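Single-structure report; data block below.
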Amino acid sequence: MSSSFATTLSDAKVDALQKVVSNGRVKYLCFTKCTDSESWVINVTDGIDLWLLELDVHGLEAQKDLSGIDSIEAFLIRFRNGFQSGEVTVGRIGTKVTLSVGKGASAIELDLFEAKAAEKKLELQSVLFSLAECCSRLEVQLTAASQQIETLKAQKNQAGGLNPFMDASPKKGAGQNKAKVRKVGMSVINPSSRRKKAATGVVFEGN
């Protein structure tokens, strides 16, 4: 695959999309992949039969024009967004299926044709191992996340056990708000001085 085309597909994140779609009682797995022959492959399978559309840069240009989209980048972004949001439908007509990605008038519609026996075998084998590898990666990520959660819980419990000791020292200012007892005879206005007795006037002794 030419580096520029491969980079375009990789940057748009459309090189390994997967989505399960139900049509009545039938379920389809829709998935994309890139090949070494400079092409982007869109696949749909019901687990028995497989339909595909292989596009090189020229085929992608043609699909972009049919969809009325200005650029390949915009086409791929719309395709990815519709895929990831679950706006995907599959309709089977004879030996082909129509894959619709998106909603309403802006939806991208692609016709996929039944793969040959050799192609079917290779594609089903490829998607089987791809899904197995994806599950393995998710298991590793889940294990790492669980270990991180347990570590955080242990740290939280350890920190929580220290809290009672952190508050053991007397609090600053404790007891400072106790009411002061006023001594008898002390002035209310000026507590440091004694209260003066009220004047009783001049007493004259009788002659």
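Does residue 112 fit the bill of being at pLDDT 90 or above and touching a Cys at 6+ places or on another chain (Cβ under 8 Å)?
no
How about segment 101-125: which of its residues are under 21 Å from residue 48 (Cα atoms) and either of a type in the set (Lys, Arg) or within 28 Å of the chain's Cα centre (by Cα) (or both)?
116, 120, 121
If you go through segment 30-51 one residue at a time, how many are among the acidic types (Asp, Glu) and under 21 Å from residue 101 (Cα atoms)?
Going through segment 30-51 one residue at a time, the tally reaches 2.
Consider residue 145 carefully, then state whether it is in a helix (DSSP H, G or I), within 25 Å of residue 8 (Cα to Cα) and under 32 Å from the mean Cα position of the chain (by Cα).
For residue 145, the condition - in a helix (DSSP H, G or I), within 25 Å of residue 8 (Cα to Cα) and under 32 Å from the mean Cα position of the chain (by Cα) - is not met.
Does any residue in segment 51-72 that is closer than 22 Å to residue 90 by Cβ come within less than 9 Å, Cβ to Cβ, of a residue that is in a loop (DSSP other than H, G, I, E, B) six or more places away or on a different chain, and which pairs are these?
Pairs that qualify, where the first residue is closer than 22 Å to residue 90 by Cβ and the partner is in a loop (DSSP other than H, G, I, E, B), are 51/95; 51/115; 52/115; 54/37; 63/69; 64/70; 64/71; 67/107.
Has segment 110-121 got any residue that is out of contact with any strand residue (DSSP E or B) (no Cβ under 6 Å at 6 or more places or on another chain), basic (Lys, Arg) and under 22 Å from residue 9 (Cα atoms)?
No, segment 110-121 has no match at all.
With the condition kept exactly as written, say whether any residue in segment 11-23 is of a type in the set (A, V, I, L, M, F, W, C), farther than 20 Å from residue 115 by Cα and touching a residue at least 60 places away in the same chain (Cβ under 8 Å).
So far as segment 11-23 goes, yes, one or more of its residues are of a type in the set (A, V, I, L, M, F, W, C), farther than 20 Å from residue 115 by Cα and touching a residue at least 60 places away in the same chain (Cβ under 8 Å).
Does residue 26 count as loosely packed, with under 12 Cβ neighbours inside 10 Å, aliphatic (A, V, I, L, M) and touching a residue at least 12 places away in the same chain (Cβ under 8 Å)?
yes
Is there a residue in segment 40-62 that is within 17 Å of residue 5 (Cα to Cα), among the polar types (S, T, N, Q) and buried (at least 18 other Cβ atoms within 10 Å of the Cβ)?
No, because not a single residue in segment 40-62 is within 17 Å of residue 5 (Cα to Cα), among the polar types (S, T, N, Q) and buried (at least 18 other Cβ atoms within 10 Å of the Cβ).
Give the residue, chosen from 48, 42, that is under 30 Å from the mean Cα position of the chain (by Cα) and among the β-branched types (Val, Ile, Thr).
Answer to the selection: 42.
When residues of segment 9-23 are filtered for being surrounded by 15 or more Cβ atoms within 10 Å (Cβ to Cβ), touching a helix residue (DSSP H, G or I) at 6+ places or on another chain (Cβ under 9 Å) and at pLDDT 90 or above, how many remain?
Total meeting the criteria: 5.
Kindly establish whether residue 78 is in contact with a strand residue (DSSP E or B) (Cβ under 8 Å, 6 or more places away or on another chain) and either of a type in the set (Asp, Glu) or farther than 21 Å from residue 15 by Cβ (or both).
No: the conditions fail for residue 78.
The values are calculated or read from the model by the stated rules, or taken from the named source; none is laboratory data. Treat the numbers as computed from the prediction; the structure is a model and nothing was measured. Note that each Cβ is placed from the backbone with ideal geometry, even for glycine, and that neighbours are counted across all protein chains shown.
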